[in-house]
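Written out below as structure tokens is the structure these notes cover.
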Amino acid sequence: MLHLRSRRRAKPGARPGTISVDPESPVPRISVMQYGADSCNELNDVTVDKVSDLLNKDSVTWVNVDGLGDENIIQALGDIFGIHGLALEDIVNVHQRAKVEDFEDQLFIVARMVSIERSLQAEQISLIVGRNFVVTFQERQGDCLDAVRSRIRKAVGRIRHLQADFLAYAILDAIVDGYFPVLDTYGQQLDELEERLSSQHARHTITKVHRLRSEFYMLRKSIWPHREMFNSLIRDFESRFSDDTRLHLRDCYDHTIQIIDITDACREIASDLRDFHFTQINIRQNEIMKVLTIVATIFMPLSFVAGVYGMNFDPNISPYNMPELKWGWGYPMALGIMASMAVGMLLFFWRRGWLQR
């Protein structure tokens, strides 16, 4: 079952900037990548106390936090990087839609990652983009950013020669590109469901079609706000991003539009498959009703003849004699008449095309 709504943990009327973590959320694990044009340093399971010591103005620092289950750690990181309280509140309340907000010398960006296992999983990722650092907050371990980390380690492309704004772009680009494998998986599932619906073994298929429609709704709900977010990054924050980075952000915007179009098309296909399934059911029911109607129509005159000849009349008393009542061939004649009527009606139905499927 899909949970399309997220419960807000902060109480109504709470002070703005209140951090209310989910008690079931994993304990934060901090990893740091610090790189420049000629070097790259990577550390895992870093404590909060060491994070401030690792900051270097001459290099780009990427601090990644997996898990939001400790209020003290989140607040300590907020103090180190000067993260606004409202941003910290949105970081731990993971029902946010994709957006971008400006906090003096920092940008706060919210995006949503998706993955598919047994069903669609959506996760909020929050980015704090400073002059020479990027801090990412994720709900749990596991993401689609391994390609970005590999490019940094191996110095592939220009990422090691550019600033933190390009790192933020690379992270957002990886998040958006992560939607395409999910859509490819859904495309394969739709093809399989279409084949199963065309066969006679589609008893439980309609349930899967309905689940896919719900997941497409969830997927579209996750990707749609990215369109406005990328448009705002390109249009409203020219001073925060270089011309080269803004050019790459336009590519992310194009990918977002493409994903929205594919998602809408897949949802329409799922709706068409559901309608096709119901149409097949109606057609089969109509075929059954047609056969039953034909059988009932054939037996109606036969029942009439049998009922007439089944009445108890005494020919010695009644002034009207039933025809052929005492004739030795009367019974075969009645059966022959009824058989002729049945065959005649079948021929009539066949000539009219009512017996064809």
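Taken about its Cα centre, the chain carries a charge dipole of about 1620 debye when Lys and Arg each add +1 at the Cβ and Asp and Glu each add -1 at the Cβ. Between Leu55 and Leu355, the FRET efficiency from the beta-carbon distance, with R0 = 56 Å, is close to 0.10. Helix 164-177 sits at what angle to the longest principal axis of the chain, using alpha carbons and giving 0 to 90 degrees rounded to 10? Its long axis makes an angle of about 10 degrees.
Once the Cβ-Cβ distance of Phe278 and Val27 is raised to the sixth power relative to R0 = 56 Å, the FRET efficiency obtained is 0.70. Applying 1/(1 + (r/R0)^6) with r as the Cβ-Cβ distance of Ile294 and Ile337 and R0 = 25 angstrom yields a FRET efficiency of 0.80. Taking the C-alpha atoms only, the angle from helix 71-81 to the longest principal axis of the chain is near 50 degrees. Note on the stretch 29-280: percent of Cα-Cα distances in each 5 Å bin, starting at 0 and stopping at the bin with the largest distance, equals 1, 6, 13, 16, 17, 15, 11, 7, 5, 4, 3, 2, 0, 0.
Peptide packing for 155-168, 343-356 was compared via the average number of neighbouring C-beta atoms within 10 Å per residue; ordered from the highest value, the list is 155-168, 343-356.
Subtracting the Cα-Cα distance of Lys208 and Asp38 from their residue separation scaled by 0.36 nm leaves 56.0 nm. Each label was represented as a point 7 Å from its Cα along the Cα-to-Cβ direction; for Ala147 and Trp329 these points are 9.0 nm apart. Each residue, Arg227 and Ala265, gets one label point 7 Å from its Cα in the Cβ direction; the gap between the two is 1.6 nm. In the chain, taking the dipole from charged Cβ atoms about the Cα centre, the farthest positive-side position among Leu292, Leu88, Leu219 is held by Leu292. Each part gets one Cα centre, and for the stretch 79-114 versus the stretch 135-198 those centres are 20 Å apart.
The numbers here are math on the coordinates, done by the rules we state, and not lab data. These figures come from a predicted structure and were not determined experimentally. Here Cβ is always computed from backbone atoms with ideal geometry, including for glycine, and neighbour counts include all displayed protein chains.
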